[in-house]
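*Asks:* I have a structure I would like to understand better, so I am pasting it below and will then ask my questions one at a time.
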Amino acid sequence: MQKTELLELIKQAMKAQDKTRLSILRQINQAIKQIEVDERREVTETDIVACIKKLQKVTNEELEALRGAATDSHTQRIESLAAQADILSSLLPKQLAGKELEALADEVIASLGATTKRDMGKVMGTLTKQTNGNFDKPAAAAYIGSKLA
């Protein structure tokens, strides 16, 4: 997602009067502006995805904490956080999983000549670089671990 796409999504949310979506998009925009000011550089698509992932992580942690202490007074907040989490996950690029992930993992294993479990870190690192971290890490680790003896 580029910065221009984000600004367009903000405009659309304003026109649709979708307060929850608008709030999330503004939080992302603010985080991006903070990066630009602090580091004095233009943000990249990777920075934007990192901001979204960070917000998603915080939202999910708060959601789990509230679900653990679920009382009637928390119900509305839980619903709000669940909606925010859904919006954030819809903004992230599609993660590789299943056959696509296995095919790419096999390709990386072959290109590195990985044969033992000691090579797993190299394979995961290369896979992360190639996909910008957009893959199901636990599934990838399990698959790569089963391939390497």
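The values are calculated or read from the model by the stated rules, or taken from the named source; none is laboratory data. These numbers were taken from a predicted model, which means no experiment stands behind them. A quick note on method: Cβ atoms are made from the backbone with ideal geometry, for glycine too, and the neighbour counts reach across all protein chains shown.
*Asks:* Do we have V123 as at pLDDT 90 or above and either outside the structural domain of Q12 (by the TED database) or not hydrophobic (A, V, I, L, M, F, W, C) (or both) here?
*Replies:* Yes, satisfied.
*Asks:* Sticking with this structure for a sec: Return the residues of segment 31-49 that are farther than 19 Å from S90 by Cβ and either loosely packed, with under 12 Cβ neighbours inside 10 Å or in contact (Cβ under 8 Å) with a residue 60 or more places away in the chain (or both); say none if nothing qualifies.
*Replies:* Passing the criteria: V37, D38, E39, R40, R41, E42.
*Asks:* What is the residue count in segment 107-135 for residues that are assigned to a helix (DSSP H, G or I) and over 26 Å from S90 (Cβ atoms)?
*Replies:* Result for segment 107-135: 16.
*Asks:* Residue check, T71 against (1) under 20 Å from the mean Cα position of the chain (by Cα); (2) polar (S, T, N, Q); (3) over 26 Å from Q27 (Cβ atoms); (4) in the same structural domain as M1 (by the TED database), all met but one. Which one?
*Replies:* (1)
*Asks:* Still on this structure: Is segment 136-145 home to any residue that is at pLDDT below 90, surrounded by 15 or more Cβ atoms within 10 Å (Cβ to Cβ) and outside any helix (DSSP H, G or I)?
*Replies:* No, that holds for no residue.
*Asks:* Which of the residues spanning segment 112-148 are of a type in the set (S, T, Y) and within 28 Å of D47 (Cβ to Cβ)?
*Replies:* The answer is T126, T128, T131.
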